[in-house]
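Chemist: Below you'll find the structure I mean.
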Amino acid sequence: MNNNKLGLLYSSITLLFWGILPIALKLSEQFIDATSLSWFRFFIAFIIIFLIQLSAKKLRQFREITLIDAIKLLFAGVFLTLNYVTFVLTLKYLSPGEAQLNFQVAPFFLAFGSLLFFKERLTAIQLSCLFTLAIGIILFFHPNISGHINTGSKVLIGVGIIEFSALSWACYTLLQKSLLAKLSTSNVLLCVFGVGMVLLTPLTDFTRLTTLTGFDWSIALFCAFNTLIAYSALAKALVFWPAAQVSAVVAVAPVISFISTALVVTMGWWPTIIKSHHLSALSIVGIIVIVGSVATMQLLPHLLTKNKQRQQVS
């Protein structure tokens, strides 16, 4: 399998797991606070990766890192933790829909950060796709945008916090990409999850974990493994694809979230907790624009390259 296919595969895995995560997080609100759940997610992911790396004798790789690399690892963990905490804080000021809408600037921060720090170049087609992707996201979430007409101080504070959360996520991802030349993806994630676990320990209510039912544990463990799988796939995707291309796929996560929520409602699962929203004509147009933009950004350059190679052969 070539790099293009591997990049698409790992990006799609991240997209799928991030798309369905909000349902589990919504269910978890019934039995645990967000900070304690975040600590648990970091803890499980850290333990599993540590045991895997220890048994494979791959922890020796840390002997080769420099002080600068260690600082990068520390800040990557800090930025990811800030992303987790500030996103939760945002929900005090914004509705989940508004928060999710405003967070979609994160892939664009990532794309422009990759241009600035990694000198990755975007073609005119890719730039056009990023522009239409932004339009599609706005169309898809236009009911939430209309709610900003009556903007108050709380909403403005919430928007400011979510922009910081998005920037923190982009900074984490860029630092992670810069470390992949020295460390494997698993070792980078091991450190990042470890830093997050340590930072969240003072804020964690450990008594909550002693009162969970079997169903509660299943949701908590799903969230934990979601973190492990999604971020591992994201790290792998950054190995095979430019950050700008990865960011384009990640930007579709809210659409997957909406579709999975609609499916849960249709199946009649957890009707008192999970509720769907009416899908307007503009939202449907937004879905088409988003999917079309991502497909064009990923497939068109590949098709043009293949066409050029055929012309050279002939």
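Each reported figure results from applying straightforward, stated rules to the coordinates on display, with no laboratory input. Keep in mind the model is a prediction, meaning the values are calculated, not measured. Cβ sites come from the backbone with ideal geometry, for glycine too, and all protein chains shown count toward neighbours.
Chemist: Under 17 Å from a label point 7 Å along Cα→Cβ of Leu203: give me every residue in the range 1-37 with its amide N that close.
Modeler: 29, 32-37
Chemist: Where does each of 264-270, 197-203 land if you order them by average Cβ count within 10 Å, highest first?
Modeler: Ranked by mean Cβ neighbours within 10 Å, highest first: 197-203, 264-270.
Chemist: Using a Förster distance of 22 angstrom, determine the FRET efficiency expected from the C-beta separation of Ile138 and Phe164, and round it to 0.05.
Modeler: 0.60
Chemist: Given the pairs Lys5/Lys57; Lys58/Lys236; Lys26/Lys72; Lys5/Lys26; Lys5/Lys182; Lys5/Lys308, which span a C-alpha to C-alpha distance of over 22 angstrom in this model?
Modeler: Lys5/Lys57; Lys26/Lys72; Lys5/Lys26; Lys5/Lys182
Chemist: Take the alpha carbon atoms of the range 1-44, find their center, do the same for the range 215-259, and report the distance between the two centers in whole angstrom.
Modeler: 5 Å
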